[in-house]
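Structure first, then comments.
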Amino acid sequence: MLLSLRHVIRYRGLVASLVARELKARYRGSVLGFFWSFVNPLLLLLVYTFVFTVVLPGAHPTAIEPFALFMFCGILPWTWFSSSLLESTTVLITSGNLIRKVLFPAEVLPIVTVLAGAVHFCLGLPILAAFLVYYHVPVTFTDLLWFPLIVLIQLVLTVGLALLLSALTVHFRDVRDLLSNLLTLWFFGTPIIYALDQVPPRVRQILTLNPMTHLVVSYQDVLFTPGPFARWPALLAVGAGAIGVFLVGFFIFDRLRDTLAEEV
Amino acid sequence: MNAIEVRDVRKTYRRYGRRRQFATLKSALLSGGALRDLRPDETFDALKGVSFDVTAGKTFGIIGRNGSGKSSMLKLVAGIGRPTSGSLKVQGRVSALIELGAGFHPEISGRDNVFINGMMLGLTRREMSARFDQIVAFAELEDFIDAPVKTYSSGMYMRLGFAVAIHVDPDVLLVDEVLAVGDEAFTHKCLDKFAELRRRGRTVLLVTHSLDLVTRFCDEALWLDAGIVRMQGDPRRVIDAYLLDVAGAEGRALAAAAAKANAIQTASTATPVNEPPDMSKAVEGRWGSREVEITSVELLDRNREPARVFQSGDQVEVRLSVRARHPVSDLVFGVGIFNADGVCCYGTNTDIEGAASAATAGDGEVVFVMDRLDLVEGTYKVDVAAHRRSGAPYDYHRLQYTLRVTSSCKDTGIFRPPHRWVSSGGITIAPRPRS
């Protein structure tokens, strides 16, 4: 397993090129090209703003304003998380040709999927930043130092899950269907369209078992909620857990590796 | 030093049952224990204990019928998949020409694909930059390298894939049936490249159906048959043994087909008597009044053994068992040989040759002896007939018997006259030394 991990590091050049290819290919032939990466979150944000200021002005706690921006802080990382996982389930099967015919470290593929998602996530950040400034949301500079760590923890967690899911889907084709349903539940089980404080204490207990709760709330605390970032113990615990998930995911992927070429 | 060492390698594939094409997680959980479900229920042994060594710097050919395990072997050597048991060692960097351009992304330019493909094969970006121009020149795609790969023709695609794989500069190159990728000129270029790799002491493992290529390029050959090594050694010796075996199998297949056709024929002996034979149509069949009946037809080799496959130039006999219902004096026997295109290669009968034949009631035998069957390689069909001098058939067997002519010489046409080459003056013609 250590050897395989070293392999991944050796192939980092390939990973970088594949991520670049992924992004290039996605917008090839579209008029706006890379601009879509900005337009998508922008439109999303505008729609939410419209819904929460015009359609349902009273549907959210008055303390959180503008609520659309608050939601956006959670939706942006969630989109990265969920789309990466969903895409990673099929990435080995669609690249089956490569796995069957070329000696190729297959773990590169789910990793590339997650990283390409990360790039999209990062392209959404300027939009978020622009609106934070526009609404004069008071952002503490020292809080922002936590931001890269939150992203890193999410990255490790997502890669771990993506490795696990991609290898499992090769053997069990219904993983993708199970996952898409699970992700819907998971979305509502994560305080994205509501604030964790609104939740009754007993339910809150359950929600804290969800690692994405801590990540999303950390994003909200760092970017949106005023005051110093106080959740770092929980965040670090999730970080440790993420490393665990990554190791387990990689281990299982490594164990299933030899069967991939035959089953894919 | 051995570049490749294969020791008692077995490879077992899982065979999917009809019931369960793909396992589902749900079914795995419901039937209790996902792990048990991962265990194959039906297996298929592609390789059953294969051992061989390839000396570094040699070109090594693997031949065998379809499904003999050649490609499985190559994939294991390439490191795609691991043997179920046994050990396998490969020294140095391996590049596999198994599927050309696998992993090309259609939307991306040829340039980007070349880089990514090269990096997939294990090169760094810098190494790729150094080779890039060479690769493009080799693929002859200078004008198209910045166009997306989806706009390429299949030939361009293959050429680019080949160019990348061969410029990885591997210590061990694995080639699986990929030389048919371009026009004649490109094929020559590929072969030149192989020759160059050989000169530079690289090891090449070649899996191919082109026996010609094996004789020309390989230092050693291995014949795989149904997952076991049938023979290993000098390419010509191995190929001859292989050809002999293939000829035997073909003979059995032809005989089986003929037996089946005969069975159908006997089952429907109620063929209308005196059915007008339309000779312009070369359809298989049997017709005639059956006053004189050809009850069986056998093709015999020079040992008078029934055979279906002959070497060009062999002696061939066509033996007819004949039964006459009553004495017949107006009787002609004829034989015709047709090639796969339906062209009559030769046809004759006793009347044409100025012989008179007659039969008394009862059984008899007629043998048409060809001392030399000087036909080029191919599959031929034989007509036999007994008829009146007017042409009215007693028993006409149209294209009912198949024979196969094999030859080590790949000359073309239909007929091979016995010949030799003679030269004088400054011109010499001598057999090529066996390389």
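The values are calculated or read from the model by the stated rules, or taken from the named source; none is laboratory data. Being a predicted model, the structure only gives us computed values, none of them experimental. Cβ sites come from the backbone with ideal geometry, for glycine too, and all protein chains shown count toward neighbours. The area values use the complete protein model at the heavy-atom level, side chains included, leaving out ligands, DNA and RNA. Shrake-Rupley method; radii C 1.70, N 1.55, O 1.52, S 1.80 Å.
Condition test on B:A102, is it assigned to a strand (DSSP E or B) and within 24 Å of A:I9 (Cα to Cα)? Criteria not met by B:A102.
Okay, residues lined up against (1) open to solvent by 100 Å² or more (accessible area, probe 1.4 Å); (2) touching a residue at least 24 places away in the same chain (Cβ under 8 Å); (3) within 19 Å of B:V297 (Cα to Cα):
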residue	(1), (2), (3)
B:G342	no, yes, no
B:C345	no, yes, no
B:T350	no, no, yes
B:G354	no, no, no
B:D363	yes, yes, yes
B:R388	no, yes, no
B:D395	no, yes, yes
B:K410	yes, yes, no
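Looking across the range B:105-126, the residues that are open to solvent by 30 Å² or more (accessible area, probe 1.4 Å), within 7 Å of chain A (Cβ to nearest Cβ) and not in a helix (DSSP H, G or I) come down to B:H105, B:E107, B:T124. Within the range B:40-48, can one find any residue that is within 22 Å of B:M156 (Cβ to Cβ), assigned to a strand (DSSP E or B) and open to solvent by less than 50 Å² (accessible area, probe 1.4 Å)? For the range B:40-48, residues within 22 Å of B:M156 (Cβ to Cβ), assigned to a strand (DSSP E or B) and open to solvent by less than 50 Å² (accessible area, probe 1.4 Å): absent. Residues that are among the β-branched types (V, I, T), at the interface with chain A (Cβ under 10 Å from one of its Cβ atoms) and more than 10 Å from B:V9 (Cβ to Cβ) within the range B:68-97 comprise B:I80, B:V94, listed in sequence order. Out of A:L132, A:L123, A:L164, report the one residue that is more than 22 Å from A:F34 (Cα to Cα) and open to solvent by 30 Å² or more (accessible area, probe 1.4 Å). Answer to the check: A:L164. Screening the candidates A:T49, A:T89, A:T62, A:T79 for the property of being within 14 Å of chain B (Cβ to nearest Cβ), of a type in the set (S, T, N, Q) and out of contact with any Asp or Glu (no Cβ under 8 Å at 6 or more places or on another chain) yields one hit, A:T89.
B:T151: under 34 Å from the mean Cα position of the chain (by Cα), of a type outside the set (A, V, I, L, M) and modelled with pLDDT of 85 or more, yes or no? It is true that B:T151 is under 34 Å from the mean Cα position of the chain (by Cα), of a type outside the set (A, V, I, L, M) and modelled with pLDDT of 85 or more. For B:R398, the criteria (1) within 25 Å of B:R290 (Cβ to Cβ); (2) at pLDDT 90 or above; (3) of a type in the set (D, E, K, R) hold in every case but one, which is (2).
Tallying residues that are of a type in the set (A, V, I, L, M, F, W, C) and over 36 Å from the mean Cα position of the chain (by Cα) within the range B:96-122 yields 2. Just so you know, in the range B:334-369 the residues that are part of a strand (DSSP E or B) and polar (S, T, N, Q) include one that is farthest from the chain's Cα centre (by Cα), and it is B:S357.
Please verify whether the range A:34-45 includes one or more residues that are more than 14 Å from chain B (Cβ to nearest Cβ), part of a loop (DSSP other than H, G, I, E, B), under 23 Å from A:A129 (Cα atoms) and within 23 Å of the chain's Cα centre (by Cα). Scanning the range A:34-45, I find at least one residue that is more than 14 Å from chain B (Cβ to nearest Cβ), part of a loop (DSSP other than H, G, I, E, B), under 23 Å from A:A129 (Cα atoms) and within 23 Å of the chain's Cα centre (by Cα), so the answer is yes. May I ask you to verify whether B:R236 is at pLDDT 85 or above and either under 21 Å from B:Y157 (Cβ atoms) or basic (K, R) (or both)? Answer is no for this residue. A single entry from A:A234, A:A230 fulfils the requirement of being assigned to a helix (DSSP H, G or I) and of a type in the set (G, A, S): A:A234.
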